[in-house]
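A.B. asks: Structure in structure tokens, see below.
The values are calculated or read from the model by the stated rules, or taken from the named source; none is laboratory data. Remember, it's a predicted structure, so these values are computed and weren't measured experimentally. Cβ placement follows ideal geometry from the backbone for every residue including glycine, while neighbour counts extend to all protein chains displayed. Ligands, DNA and RNA are stripped out before the accessible areas are found, and what is left, the full protein with its side chains, is counted by its heavy atoms. Shrake-Rupley method; radii C 1.70, N 1.55, O 1.52, S 1.80 Å.
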Protein chains: 2
Amino acid sequence: MDIIKKKIGIVGGGQLGKMMILEAKRLGFFVAVLDPSEDCPAHSVCDLLIVGDLKDPKGYYELSKHVDVITYEWENINASTLESLENEGHVIYPSVKTLKTVQNKKLQKTALFTNNIPVPRFSPVAGINEIQEYGKPGNFGYPLMLKTTTGGYDGKGNALIRNAGEIETAYIQLGSGQKELMVEEYINFTKEISILACRGIDGKKVIYPVAENTHENSILDTTVVPADIDSATSEKATDIANKVMTVFEGVGTFCVEMFVTGPGDIFVNEVAPRPHNSGHYTIEGCFANQFENHIRAIAGLPFGDTNMMIPAVVMINLLGVSDGTARLLGLEKAYLDPYVHVHLYGKSKSKKGRKMEHFTVVGATVEDTTRRARDLKSILRIIGE
Amino acid sequence: MDIIKKKIGIVGGGQLGKMMILEAKRLGFFVAVLDPSEDCPAHSVCDLLIVGDLKDPKGYYELSKHVDVITYEWENINASTLESLENEGHVIYPSVKTLKTVQNKKLQKTALFTNNIPVPRFSPVAGINEIQEYGKPGNFGYPLMLKTTTGGYDGKGNALIRNAGEIETAYIQLGSGQKELMVEEYINFTKEISILACRGIDGKKVIYPVAENTHENSILDTTVVPADIDSATSEKATDIANKVMTVFEGVGTFCVEMFVTGPGDIFVNEVAPRPHNSGHYTIEGCFANQFENHIRAIAGLPFGDTNMMIPAVVMINLLGVSDGTARLLGLEKAYLDPYVHVHLYGKSKSKKGRKMEHFTVVGATVEDTTRRARDLKSILRIIGE
């Protein structure tokens, strides 16, 4: 087989695409990217950038002309165009069937539920009256989650309804029913965890360790590995991630986000059909990281080892503090700790709340590593000027 | 300080340049490259490629317009043009003074010798008669090394003279005195080792572990870390590497290649003012690899940790087997070992003996890791077709 000449196309050129490319380049793959922005993080490391709207079929067709396999860094993309391409014989991993199931939360949860994978109770809802019904005691009750079935990310497309009086605001916030909506029972979790899992074209799977996540304003803030859970919970979560990969027949790296409750129950919150922010720790923590194994999967190569090489890793996201031309402060001071890696995505414009970079700290214990990471969070800042 | 906007220029876009860029890109640096070939390994990951002969001043001036700091992946470059640029106020690391000393083996060895760093005895020679003198018993004797003082690499520019009858052939082989020549006493070494060392703008240094190297036809074949030497030899070698960095006032990653003799004496064979093939193991073996620390050095950042993260690493170079369009064989089979990373440089043309890629294997012991690496060497092949 002729690996050198296998050409890879990626839909989306954000930080996930960029980090996929950095791994693909080590193996010498040609990589073309489709992204709306000329200046996207992937632009300077890809071989070919096709600038195009991710809703417009045109860019997808152009991309398909240059590559042998298409993948994506992001699920809110034009699945029907990809379906047409797949029908025309183009290779797309994960498959369009998987993408279409995952990108609709109702279909995703239904697939999980019907395969006996624990998920919060959920139901599509047509309007305010139905939401009220689900809020009633004996039904899902309050708090109640309202979600758009498609297009959500980083808390967008989700609304927490604490009582009946908040239904209308939530309903309007999520588009007044213009997008399909669903309600979901609120899980009173004690921990949020996630697991990266990879599945090959041949169905072989590898699973990464359990990561523990903390969100701020619904955006991932910190990932700590190993997660502070007992081994029974860890095994249960790993089994679930394994099963999810079988259900979705996913080829590539997937992320399974889960809630853990006080009594140790686990519910799948969301599945992402791609490398994930909560898997960035694998770059420093594991021999083969989530991006490398994604590339290996779609290229038909066996996987690299997914175990931790060091006792503890902590990853923290850094969001833009203000708007303007991006400027990083504090790197020299942060690097006085010799076990720190900063990953700057190369976004020239900072925006308040925009994911601009992350950093990873490794160490001998979770406690020490977390403390050092917390200290750095106050030192490293991206401002706009 | 404004790291994001610091722009880096690299003279040379081969595999060393490419691997520097992959690290620089993680930190979001802009990187411009000067290389004679449009299709060089660095071309698809750099922000700007300036195509130009490395002897011609033109490309250097063009490069200097786009960047804040210039470095190089290779020492056989146009030092006088870089000197003019330095005099005009451009920042060049390692400095041109260092480059000029290192790129001439006579000046390099003289600097080492006068600073009490052990080197083989050496002397410039003007012609055949002088070489004959050095071959006599009581003088350096035979075997005797003849070298051009400039331009040599991978055994090129070196000739081994086993007896007086071979002097003329060696003399003609090295250009019949058109290039300055030197003789060197032959060291009957039992091991070849090397150490990567980094020095910052502020003079702070970090030193990597001792690597053990095996050459085939004067080209590096295998690097094994840790080296099979006792701790006294290891300490002595580390002290020498440390001293070398002080003598040359090097800023960036340097490689110090040394011979170890049966009685445990160490002689510096050669110093390279740049990341080195025998340091590729640091990508998998150490938290911060030689390329990352080179970038950190020239950007004025503190260093990442240089210790081994795993017990054993073996790196093997793979050279082109035949001429033609490059094609890699055996990757799927090689990747059945989950602790293997293959690095393809992205050279589209294979040539017999050309460095096309390397692979790294990690493991629990040197013995086991070496065995697995040896097995892979017979599986992975780059052919031309």
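A.B. asks: What number of residues within the stretch A:86-95 are in contact with a helix residue (DSSP H, G or I) (Cβ under 6 Å, 6 or more places away or on another chain) and crowded, with 21+ Cβ neighbours inside 10 Å?
C.D. replies: 2
A.B. asks: Here are the criteria: (1) surrounded by 15 or more Cβ atoms within 10 Å (Cβ to Cβ); (2) in a strand (DSSP E or B). Tell me which single one residue B:233 does not satisfy.
C.D. replies: It is condition (2) that residue B:233 fails.
A.B. asks: Quick check on my filter: what residues within the stretch A:149-193 are in contact (Cβ under 8 Å) with a residue 24 or more places away in the chain, part of a strand (DSSP E or B) and open to solvent by less than 10 Å² (accessible area, probe 1.4 Å)?
C.D. replies: Once the filter is applied, which keeps residues that are in contact (Cβ under 8 Å) with a residue 24 or more places away in the chain, part of a strand (DSSP E or B) and open to solvent by less than 10 Å² (accessible area, probe 1.4 Å), the stretch A:149-193 yields A:161, A:181, A:182, A:183, A:184, A:193.
A.B. asks: Residues in the stretch B:279-288: is at least one at pLDDT 95 or above, over 19 Å from residue B:20 (Cα atoms) and charged (D, E, K, R)?
C.D. replies: Within the stretch B:279-288 (the criterion being at pLDDT 95 or above, over 19 Å from residue B:20 (Cα atoms) and charged (D, E, K, R)), the answer is no, since none of the residues qualifies.
A.B. asks: Would you mind stating whether residue B:17 is buried (at least 23 other Cβ atoms within 10 Å of the Cβ) and within 14 Å of chain A (Cβ to nearest Cβ)?
C.D. replies: When the stated conditions are applied, residue B:17 passes them.
A.B. asks: A follow-up question, please. Out of the residues in the stretch B:339-350 that are assigned to a loop (DSSP other than H, G, I, E, B) and either modelled with pLDDT under 95 or in contact with a Pro (Cβ under 6 Å, 6 or more places away or on another chain) (or both), which is nearest to the other protein chains (Cβ to nearest Cβ)?
C.D. replies: Filtering first and then ranking leaves B:346.
A.B. asks: A further question on this structure: Among B:328, B:376, which is the only one that is in a strand (DSSP E or B) and over 21 Å from residue B:74 (Cα atoms)?
C.D. replies: Every option except B:328 fails the conditions.
A.B. asks: Does residue B:373 count as open to solvent by less than 20 Å² (accessible area, probe 1.4 Å) and over 22 Å from residue B:220 (Cα atoms)?
C.D. replies: Taking the combined requirement at face value, the residue does not satisfy it.
A.B. asks: Further, regarding this structure: Can you run down the residue pairs with Cβ atoms below 7 Å, 6 or more apart or on separate chains, where the first is in the stretch B:91-109 and under 14 Å from residue B:245 (Cβ atoms) and of a type outside the set (A, V, I, L, M) and the partner is open to solvent by less than 10 Å² (accessible area, probe 1.4 Å) and assigned to a strand (DSSP E or B)?
C.D. replies: If the second residue must be open to solvent by less than 10 Å² (accessible area, probe 1.4 Å) and assigned to a strand (DSSP E or B), the pairs left are B:93/B:69; B:93/B:71; B:93/B:252; B:94/B:252; B:108/B:271.
Residues checked against (1) in a strand (DSSP E or B); (2) surrounded by fewer than 21 Cβ atoms within 10 Å (Cβ to Cβ); (3) in contact with a strand residue (DSSP E or B) (Cβ under 8 Å, 6 or more places away or on another chain); (4) small (Gly, Ala, Ser):
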position	(1), (2), (3), (4)
B:319	yes, yes, yes, no
B:333	no, yes, no, no
B:337	no, yes, yes, no
B:356	yes, no, yes, no
B:359	yes, no, yes, no
B:382	yes, no, yes, no
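A.B. asks: Determine whether the stretch B:205-225 contains at least one residue that is of a type outside the set (Asp, Glu), touching a Phe, Trp or Tyr at 6+ places or on another chain (Cβ under 6 Å) and surrounded by fewer than 18 Cβ atoms within 10 Å (Cβ to Cβ).
C.D. replies: Scanning the stretch B:205-225 turns up no residue that is of a type outside the set (Asp, Glu), touching a Phe, Trp or Tyr at 6+ places or on another chain (Cβ under 6 Å) and surrounded by fewer than 18 Cβ atoms within 10 Å (Cβ to Cβ).
A.B. asks: Which residues, taken from the stretch A:237-282, are open to solvent by 10 Å² or more (accessible area, probe 1.4 Å) and in a helix (DSSP H, G or I)?
C.D. replies: A:238, A:239, A:240, A:242, A:243, A:246, A:247, A:277
A.B. asks: Taking the residues in the stretch A:27-42 that are free of Cβ contacts under 8 Å to residues at least 40 places away in the same chain and open to solvent by 10 Å² or more (accessible area, probe 1.4 Å) as candidates, determine which candidate is nearest to residue A:289 (Cα to Cα).
C.D. replies: The residue in question is A:28.
A.B. asks: Right, next: Which residue, of A:137, A:118, A:124, is within 20 Å of residue A:261 (Cα to Cα) and surrounded by fewer than 18 Cβ atoms within 10 Å (Cβ to Cβ)?
C.D. replies: Exactly one residue qualifies, and that residue is A:118.
A.B. asks: Do you know which residues across the stretch A:289-305 are within 8 Å of chain B (Cβ to nearest Cβ) and surrounded by fewer than 24 Cβ atoms within 10 Å (Cβ to Cβ)?
C.D. replies: A:300, A:301, A:302, A:303, A:304, A:305
A.B. asks: How about the stretch B:2-59: which of its residues are of a type in the set (Gly, Ala, Ser), over 16 Å from residue B:93 (Cβ atoms) and within 18 Å of the chain's Cα centre (by Cα)?
C.D. replies: Selection gives B:13, B:14, B:42.
A.B. asks: While we're looking at this one, here's another question. Check whether at least one residue in the stretch B:125-144 is within 24 Å of the chain's Cα centre (by Cα) and of a type in the set (D, E, K, R), and report yes or no.
C.D. replies: No, because not a single residue in the stretch B:125-144 is within 24 Å of the chain's Cα centre (by Cα) and of a type in the set (D, E, K, R).
A.B. asks: Answer with yes or no whether residue B:81 is in a strand (DSSP E or B) and either more than 14 Å from chain A (Cβ to nearest Cβ) or surrounded by fewer than 16 Cβ atoms within 10 Å (Cβ to Cβ) (or both).
C.D. replies: Answer is no for this residue.
To keep it simple, each residue is scored yes or no on (1) under 16 Å from residue B:283 (Cα atoms); (2) within 20 Å of the chain's Cα centre (by Cα); (3) touching a residue at least 40 places away in the same chain (Cβ under 8 Å).
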| residue | (1), (2), (3) |
| --- | --- |
| B:195 | yes, yes, yes |
| B:217 | no, yes, yes |
| B:223 | yes, yes, yes |
| B:230 | no, no, no |
| B:233 | no, no, no |
| B:241 | no, yes, yes |
| B:245 | no, yes, yes |
| B:250 | no, yes, yes |
| B:260 | no, yes, yes |
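A.B. asks: If you don't mind, there's one more thing I want to ask. Conditions first: (1) within 13 Å of chain B (Cβ to nearest Cβ); (2) of a type outside the set (Ser, Thr, Tyr); (3) surrounded by 20 or more Cβ atoms within 10 Å (Cβ to Cβ); (4) in contact with an Asp or Glu (Cβ under 7 Å, 6 or more places away or on another chain). Residue A:7 passes all but one, so which condition is the exception?
C.D. replies: Going through the list (1) within 13 Å of chain B (Cβ to nearest Cβ); (2) of a type outside the set (Ser, Thr, Tyr); (3) surrounded by 20 or more Cβ atoms within 10 Å (Cβ to Cβ); (4) in contact with an Asp or Glu (Cβ under 7 Å, 6 or more places away or on another chain), residue A:7 breaks only (3).
A.B. asks: Listed residues A:24, A:32, A:42; which is touching a Lys or Arg at 6+ places or on another chain (Cβ under 6 Å), within 14 Å of chain B (Cβ to nearest Cβ) and at pLDDT 95 or above?
C.D. replies: Every option except A:42 fails the conditions.
A.B. asks: Any idea how many residues of the stretch A:289-301 are of a type in the set (A, V, I, L, M), under 18 Å from the mean Cα position of the chain (by Cα) and under 27 Å from residue B:308 (Cβ atoms)?
C.D. replies: The total comes to 1.
A.B. asks: So which residues in the stretch B:63-78 are closer than 13 Å to residue B:274 by Cα and open to solvent by less than 30 Å² (accessible area, probe 1.4 Å)?
C.D. replies: Once the filter is applied, which keeps residues that are closer than 13 Å to residue B:274 by Cα and open to solvent by less than 30 Å² (accessible area, probe 1.4 Å), the stretch B:63-78 yields B:70, B:71, B:72, B:73, B:75, B:77.
A.B. asks: As an exercise: evaluate residue B:315 against (1) of a type outside the set (Val, Ile, Thr); (2) open to solvent by less than 30 Å² (accessible area, probe 1.4 Å); (3) without any contact (Cβ under 8 Å) to a residue 60 or more places away in the chain; (4) not in a helix (DSSP H, G or I) and give the number of the one condition it does not meet.
C.D. replies: (3)
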